[in-house]
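Note sheet for the following structure.
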Amino acid sequence: MAVSLHNSTGISRVGFDSQFLGSHSASKASVSVSFHSSLTNLSLKSVETSKQQSYRIGAMSKAESSSSDQVKLDISLSPRVNSVKPSKTVAITDHATALAQAGVPVIRLAAGEPDFDTPAIIAEAGINAIREGYTRYTPNAGTLELRTAICHKLKEENGISYSHDQIVVSNGAKQSILQAVLAVCSPGDEVIIPAPYWVSYPEMARLADATPIILPTLICDNFLLDPEVLESKISEKSRLLILCSPSNPTGSVYPKKLLEKIAEIVAKHPRLLVLSDEIYEHIIYAPATHTSFASLPGMWERTLTVNGFSKAFAMTGWRLGYIAGPKHFVAACNKIQSQSTSGASSIAQKAGVAALGLGYAGGEAISTMVKAFRERRDFLVKSFGELEGVKISEPQGAFYLFIDFSSYYGIEAEGFGKIENSESLCRYFLDKAQVALVPGNAFGDDSCIRISYAASLTTLQAAFERIKKALISLRPAVPV
């Protein structure tokens, strides 16, 4: 994606070619946003990726040697890397940030991080760690102090018991998930992933030379996995089932009874493990409640529970997450970490101890954030629900709306072109409304668009009005 600004009579134009990031197809799209700016000659380049048809492509570049002889340099990449798609959420967030820095008044609702500051008591713990010289390496798996606090939290809040050697603290829950997938999957194994899914799950499976098996869910079922569909897709190659509750991107929360039905199916298959991503567990709206999969009968032995501090405690930049599970599996994750990043930041770990000391479910500091998230959710659900051609499943947790706008596909937008899918609709919103959203195809469901309401209510009100205005000229092509 190239962005360029050229000043002419005080008007600057931002244009970007192709889609939000490198595409695997040959098709290109072009969008431009005009605005007043004194900036000139700013350019941005996106990462370009291409689908590889052979096992390895030898890309050769010419370089001159000191003797002026030309030497061919092999600049090919690993087939494993070539099989992985870049994260669209990261790409769109970075692009929207670049536009904002260039002076475009973009409202950014693509990022998956709270807009709140880290609670003061947590921040002070990190500051004190620096002042007191707590800036050395920690044990690879994390400090005993933090792992003990995590064990206490899991016992008291989730009803699952672990010892400190069954916990590995990492640089974010994302690292914890990747290490788990790498630790348990072999080439040819299958990783079962309900869609819509977090963008990184399938790519992590590919990094492990495993095959992601995507199981679509329906908005009319609140995007929850149908146990019968799951049972029909399990094979002898099935190694890992990934569940995320509350869900990114849908905000859906799995009821305990549904999880119990899934557990009954999982129990029939000795090779099948479960990775339970519970990073949003505290951002949940009553009457919905959170159930840890490992707490279900017979599931502790085969469940890897991942959690962290980024979402509930507004600590995204601190990079701190953890995995809990049977020692055999967790030790393998620890081994991978020891040969990659080593332990998480000593400063962040001190802050993590303070976070877990705030009380049950994060105490008042977290409940205040959740109250604000709920108010924002209610506003957006009501507002978008009044628009023509929109389908909504009301989220029970997290801070996302996953809205079905597919009735607008096929419409020719004046001055823009045809809206063909979620990606072109997001480009339309960015061009006409200057609101950055994430297309649903990044999450495995092209009918929807993800809106993050991790922004102030005032910002969300302004974004909704912009989107509504952009849709005025459009009418659903298909009755809803």
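The values are calculated or read from the model by the stated rules, or taken from the named source; none is laboratory data. All figures in this text were calculated on a predicted structure; none of them were measured in a lab. No Cβ is skipped: glycine too gets one built from the backbone with ideal geometry, and neighbour counts run over all protein chains shown. With ligands, DNA and RNA removed, areas are computed over all heavy atoms of the protein, side chains included. Shrake-Rupley method; radii C 1.70, N 1.55, O 1.52, S 1.80 Å.
How much accessible surface area, in Å² rounded to 10, belongs to the heavy atoms of Glu231 with a 1.4 Å probe?
80 Å²
When all protein chains stay in place, what accessible area (Å², nearest 10, 1.4 Å probe) is found for Glu420?
In the full protein context, Glu420 sits at about 120 Å².
Sort His290, His152 from largest to smallest accessible area, using a 1.4 Å probe on the heavy atoms of the protein chains.
Numbers: His290 50, His152 115 Å².
The residues order as His152, His290, largest area first.
Would you give the gap between the C-alpha center of segment 69-99 and the C-alpha center of segment 224-275, rounded to a whole Å?
Between the Cα centres of segment 69-99 and segment 224-275 lies a distance of 33 Å.
Among Leu401, Gly415, Pro439, pick out the residue whose Cα is farthest towards the positive end of the charge dipole of segment 389-480, where Lys and Arg carry +1 and Asp and Glu carry -1 on C-beta, about the Cα centre.
Comparing the listed Cα positions along the dipole, Gly415 ranks first.
Distance check, please: which entries in Lys85/Lys335; Lys85/Lys268; Lys155/Lys257 exceed 23 angstrom between their Cα atoms?
From Lys85/Lys335; Lys85/Lys268; Lys155/Lys257, over 23 Å: Lys85/Lys335; Lys85/Lys268.
Percent of accessible area on segment 302-391 owned by carbon and sulfur, 1.4 Å probe? Numbers along the way, then the final one.
Numbers: 1900 of 3590 Å².
Here it works out to 53 percent.
Given a 1.4 Å probe and the protein chains all in place, what does the accessible area of Phe329 round to, in Å² to the nearest 10?
Number for this one is 40 Å².
Taking 0.36 nm per residue of separation and subtracting the Cα-Cα distance, what length does fully extending Thr368 through Glu132 add?
Gain on stretching Thr368 to Glu132: 81.9 nm.
Which listed residue (Ser424, Ala332, Ala361) has the Cα farthest towards the positive end of the charge dipole for segment 318-438, taking +1 on Lys and Arg C-beta and -1 on Asp and Glu C-beta about the Cα centre?
Of the listed residues, the answer is Ala332.
Could you rank the peptides 264-270, 102-108, 339-345 by their average count of other C-beta atoms within 10 Å per residue, with the highest value first?
Going from most to least packed, we get 102-108, 339-345, 264-270.
For the full complex of protein chains and a 1.4 angstrom probe, list Tyr409, Tyr285 by accessible area with the highest value first.
The most accessible residue leads, giving Tyr409, Tyr285.
If you look for lysine pairs in segment 389-480 that are eight or more places apart or on different chains, how many of them have Cα atoms under 16 Å apart?
Pairs that pass both the separation and distance tests number 4.
Show me the ranking of peptides 248-255, 212-219 by mean Cβ neighbours inside 10 Å, starting with the highest.
With the highest mean Cβ count within 10 Å placed first, the list reads 248-255, 212-219.
By how many nm would the segment from Ser342 to Lys256 lengthen if fully extended, with 0.36 nm per residue of separation less the alpha-carbon distance?
27.4 nm
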